[in-house]
Structures are given as C-alpha cells and as structure tokens.
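Read the structure below first, then the notes.
The values are calculated or read from the model by the stated rules, or taken from the named source; none is laboratory data. Predicted, not measured: the structure shown is a model, and the values here were computed from it. Don't worry about glycine lacking a Cβ; one is built from the backbone with ideal geometry, like all the others, and counts go over all protein chains shown. In case anyone asks, the SASA skips ligands and DNA or RNA and just uses the protein heavy atoms, side chains included. Shrake-Rupley method; radii C 1.70, N 1.55, O 1.52, S 1.80 Å.
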Amino acid sequence: MRRAWRYGDNVDTDAIIPARYLTATNEPTLAAHAMEDLDPRFATEVQPGDVIVAGDNFGCGSSREHAAIAIKASGVDAVVAASFARIFFRNAVNTGLKVVVSPEAVAGIADGHDVVVGLDDRVHNLTTGAAFPTEPMPEFVAEIARAGGLVGWVRQRVGAR
C-alpha cells in the first residue's frame, strides 16, 4: 500500500524539517526528522512509495533545500498539493522529488488512502477508484524531473556532448 499522508495549507519548511536539524547534511538524518514537529509519527511510520497530499502553498517559508531532501530521503514517492511555494517546487524538482499540482486530487484523497502518482499524469486513489488530472509542468522543468533532478540533467547534457 502507498499511504497518503494528508496535511493542510501553508505547511512551511520549518514544519517539514525543523531548523535545529539544518546543520545535518546526510539524508538519513534529515529523513529521521522529516515532519517531526507537524506529525511525530511520520518519520517512523512512512514507507517507501508513500505520498504526501497537502493543500495550498506547500513548502512556504525559507528557501532551504533540506526540506525537499528530507521528504525524498524518507522514501516518499511524490508530494501532491493544491499549490506549492515556488522555491520549494524548484528545490523539489532540482533534488529529484516528484511534485504534482492537483487540487482535484487533494479534494478527493483522505489520510491513509492508497494513492499512486502515475506516469500517465494522473493521481490514482486506489481506495476509491478515482483518478485525478495533474497540471502539466513546463517542458524544461519536466525534462529535469525525468532526469531525476538537476544533477542528473546536467550529467545527461554533459555526457551527450
């Protein structure tokens, strides 16, 4: 099962990874403290492939990359939100964390539902059988996402010469 972890609007980067852990640079440490102040169960119960579902303005606050890295390192497959703070969205793409905008999915997914973010540009709620469209990314952003992040994209570009 790919569990949906449901959160509300304006989840800021301090809630995603508290500032007291910003001196950590290794991914397992960041993952161990992901969402700690917002949801103490998250870091110990999240499973690979789980999906965060959130409301508007997910990732607002500071521009720290640590927030996207902590979520990705925790095993989360994707974050589905009604909208993202722009800097978090870019950090997520650059670090290879899958992020999709779908207000319809947010409205149709409850905490604990079995959810898959498909390769067909749809979010599938396997608990209810519903499928929801996602907003398309600009092509250059989608290209970076398909490469697994900015480092992967650069490696592809340099290797192609």
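Quick notes on this one:
- Applying the criterion of being without any contact (Cβ under 8 Å) to a residue 12 or more places away in the chain and in a loop (DSSP other than H, G, I, E, B) to the residues of region 119-136, the residue that is farthest from residue 49 (Cα to Cα) is 129.
- Subset of region 45-75 [touching a Gly at 6+ places or on another chain (Cβ under 9 Å) and assigned to a loop (DSSP other than H, G, I, E, B)]: 46, 47, 48, 49, 50, 55, 56, 75
- Condition check for residue 141: part of a helix (DSSP H, G or I), open to solvent by 20 Å² or more (accessible area, probe 1.4 Å) and over 21 Å from residue 61 (Cα atoms): no
- Flag if residue 100 is assigned to a strand (DSSP E or B) and either under 10 Å from the mean Cα position of the chain (by Cα) or among the aliphatic types (A, V, I, L, M) (or both): yes
- Hey, residue 1 closer than 28 Å to residue 128 by Cα and more than 14 Å from the chain's Cα centre (by Cα) or not: yes
- Condition check for residue 71: among the hydrophobic types (A, V, I, L, M, F, W, C), open to solvent by 20 Å² or more (accessible area, probe 1.4 Å) and without any contact (Cβ under 8 Å) to a residue 60 or more places away in the chain: no
- Against the numbered list (1) farther than 15 Å from residue 54 by Cβ; (2) out of contact with any Cys (no Cβ under 9 Å at 6 or more places or on another chain); (3) open to solvent by 10 Å² or more (accessible area, probe 1.4 Å), residue 77 comes up short only at (1).
- Restricting region 2-11 to residues that are in a loop (DSSP other than H, G, I, E, B) and of a type outside the set (D, E, K, R), the residue that is farthest from residue 69 (Cα to Cα): 8
- Residues (open to solvent by 10 Å² or more (accessible area, probe 1.4 Å) and assigned to a loop (DSSP other than H, G, I, E, B)) located in region 12-44: 22, 23, 24, 25, 26, 33, 36, 37, 38, 39, 40, 41
- Residue match in region 82-98 (condition: over 19 Å from residue 136 (Cβ atoms), in contact with a Leu (Cβ under 7 Å, 6 or more places away or on another chain) and open to solvent by less than 30 Å² (accessible area, probe 1.4 Å)): no
- Condition met for residue 151 (more than 25 Å from residue 17 (Cα to Cα), assigned to a helix (DSSP H, G or I), of a type in the set (Val, Ile, Thr) and open to solvent by 60 Å² or more (accessible area, probe 1.4 Å)): no
- Residue in region 81-96 that is within 16 Å of residue 4 (Cα to Cα) and assigned to a helix (DSSP H, G or I) present: no
- Looking at 52, 16, just one residue is in contact with a helix residue (DSSP H, G or I) (Cβ under 6 Å, 6 or more places away or on another chain) and among the hydrophobic types (A, V, I, L, M, F, W, C), and that residue is 16.
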